[in-house]
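Asks: Let me give you the structure first, and then I'll get to my questions.
The values are calculated or read from the model by the stated rules, or taken from the named source; none is laboratory data. Owing to the predicted nature of the structure, the values given are computational and were not obtained by experimental measurement. All Cβ positions, even for glycine, are placed from backbone atoms using ideal geometry, and neighbour counts span all protein chains on display. In case anyone asks, the SASA skips ligands and DNA or RNA and just uses the protein heavy atoms, side chains included. Shrake-Rupley method; radii C 1.70, N 1.55, O 1.52, S 1.80 Å.
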Amino acid sequence: MADSNAPTTSVAPELLALRQQIDSVDGQLLALLNQRAQLALAVGELKKHEGSVVFRPEREAQVIDGLKLKNSGPLQTESVAPIWREIMSACRALETPIRVAYLGPAGTFSEEAALGYFGSSIVRVPCANFDEVLHQTIAGAADFGVVPVENSTEGVVTRSLDLFLSTPLSIIGETSLVVRHNLLRKSNSLDGIEAVCAHPQALAQCHQWLSTHLPQAERRPVASNAEGARLASLDPKLAAIASQRAGSEFGLHLVSPAIQDDAHNRTRFAVLAHPDRHPQPAASGHDCTSLVVSVTNRPGALHDMLVPLKAHGVSMSRFESRPARSGQWEYYFYIDLQGHPDEPHVAQAMQELRAVCAFFKVLGTYPLDVH
């Protein structure tokens, strides 16, 4: 028997009608998504017969770009990419889920970047360090690896650049992530913190805040921010700098949010694959080609290296130097070029650049990040 004293709620007819329309549209969307999934399965079967790869970053970039151009609102254009990445991820997973290696454990920004790029329908392969990310990808235990290469506050991630020099892997994609660092702890207080654990990059990106609010606390570098969160979950005297995802993963309080010194802090990640298993992406119309080169130590060598780019109208979006560790004050130069080698002017510039370099390696050609 119903309780006559139970509260009753009434829904306005206008709201009820709108809810019913939304339910109807949701049903149509589900049917269309399943129709898309069937088509994706058919494409997958054709790819199997052809021996071609399942994941094509240039194709996905073109799909998202096209949809953004067609978007008439009110859905915000920046919402298109994450929605369709999840749709495409779910469709890919109907064949064989992609295995992606990244710096772990759970809750790192590298994990967040991997999920943002590939969607959540992947097999996650968390690794202890960047070297292991590359090893797992080279060995085939992971189809792709994701590593950070550059931060808007602290500059390049030197370990990644050094690993690129000798790895057989190629860059096939990139993604960038807004990085918000949070102070996490077992108790919701700044009192009694003896050490703050985080990746060295995160500690550097929060230098001013730590100097102001925790000047006496030790800054303890660890392998990853999520590892710092794990340690903080075991010791009440420790705090961590990490993502909200890591805080939830390890049951920590968010003591102070967004403590990074730069409010617009972003980190750029490279997506790596073995060229024997994944070909270089075709031109998408907005591409980047990454190189590492060196020149002999002679007057004018650096100028000669830049002449072919200017002569053929090829722009650089990044130019970084790293010591060659030869003891001879020699350097490797990491260069990002705008364009794709399939474009004649880019191909000609690269050919002439190679001729004046003592060392020349193409790290990868890939579509620019689609937001």
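Asks: Which residues, taken from region 107-130, are aliphatic (A, V, I, L, M) and part of a helix (DSSP H, G or I)?
Replies: ALA113, ALA114, LEU115
Asks: Looking at THR158, THR167, THR137, which one is under 27 Å from LEU94 (Cα atoms) and of a type in the set (Ser, Thr, Tyr)?
Replies: THR137
Asks: Any idea which of (1) assigned to a loop (DSSP other than H, G, I, E, B); (2) at pLDDT 90 or above; (3) of a type in the set (A, V, I, L, M, F, W, C) is the one ALA2 doesn't satisfy?
Replies: So the condition that ALA2 fails would be (2).
Asks: Then there's this: Would you mind stating whether VAL293 is farther than 15 Å from THR108 by Cα and in contact with a Cys (Cβ under 6 Å, 6 or more places away or on another chain)?
Replies: yes
Asks: Residues in region 298-317: is at least one under 30 Å from HIS207 (Cβ atoms) and open to solvent by 50 Å² or more (accessible area, probe 1.4 Å)?
Replies: yes
Asks: Looking at LEU30, LEU46, LEU94 in this structure, which one is at pLDDT 90 or above, more than 30 Å from ALA198 (Cα to Cα) and open to solvent by 40 Å² or more (accessible area, probe 1.4 Å)?
Replies: LEU30
Asks: Okay, next question. Return the residues of region 183-198 that are open to solvent by 40 Å² or more (accessible area, probe 1.4 Å) and under 30 Å from the mean Cα position of the chain (by Cα); say none if nothing qualifies.
Replies: Of everything in region 183-198, just one residue is open to solvent by 40 Å² or more (accessible area, probe 1.4 Å) and under 30 Å from the mean Cα position of the chain (by Cα), namely LYS186.
Asks: Something else: Could you say which residue among ALA282, ALA258 is touching a Lys or Arg at 6+ places or on another chain (Cβ under 6 Å) and surrounded by fewer than 22 Cβ atoms within 10 Å (Cβ to Cβ)?
Replies: Being touching a Lys or Arg at 6+ places or on another chain (Cβ under 6 Å) and surrounded by fewer than 22 Cβ atoms within 10 Å (Cβ to Cβ) holds for just one of ALA282, ALA258, which is ALA258.
Asks: If the requirement is being over 30 Å from GLY119 (Cβ atoms), assigned to a strand (DSSP E or B) and aliphatic (A, V, I, L, M), which of these qualifies: VAL271, VAL293?
Replies: Residue meeting the stated conditions: VAL293.
Asks: While we're on this one: Only one of (1) part of a helix (DSSP H, G or I); (2) at pLDDT below 90; (3) surrounded by 10 or more Cβ atoms within 10 Å (Cβ to Cβ) is not met by ARG19, so which one is it?
Replies: With respect to (1) part of a helix (DSSP H, G or I); (2) at pLDDT below 90; (3) surrounded by 10 or more Cβ atoms within 10 Å (Cβ to Cβ), ARG19 is out only on (2).
Asks: Identify, please: which residue in region 199-214 is crowded, with 19+ Cβ neighbours inside 10 Å and over 13 Å from SER256 (Cα atoms) and is, among those, farthest from the chain's Cα centre (by Cα)?
Replies: LEU203
Asks: Separate question: Only one of these is aromatic (Phe, Trp, Tyr) and over 29 Å from PHE359 (Cβ atoms): PHE130, PHE144, PHE118. Name it.
Replies: Answer to the selection: PHE118.
Asks: Condition check: crowded, with 21+ Cβ neighbours inside 10 Å and either at pLDDT 95 or above or assigned to a strand (DSSP E or B) (or both). Does LEU231 satisfy that?
Replies: no
Asks: Just give me the residues in region 122-153 being surrounded by fewer than 19 Cβ atoms within 10 Å (Cβ to Cβ) and touching a residue at least 40 places away in the same chain (Cβ under 8 Å), in sequence order.
Replies: If the condition is that a residue be surrounded by fewer than 19 Cβ atoms within 10 Å (Cβ to Cβ) and touching a residue at least 40 places away in the same chain (Cβ under 8 Å), then ALA128, ASN129, ILE138, GLY140, ALA141, SER152, THR153 are the ones that fit.
Residues are listed down the side, and each one gets a yes or a no for (1) open to solvent by 60 Å² or more (accessible area, probe 1.4 Å); (2) among the polar types (S, T, N, Q); (3) not in a loop (DSSP other than H, G, I, E, B):
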site	(1), (2), (3)
ARG36	yes, no, yes
GLU58	no, no, yes
LEU67	no, no, yes
SER79	no, yes, yes
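Asks: In region 241-255, what residues are buried (at least 18 other Cβ atoms within 10 Å of the Cβ) and part of a strand (DSSP E or B)?
Replies: The answer is ILE241, ALA242, VAL255.
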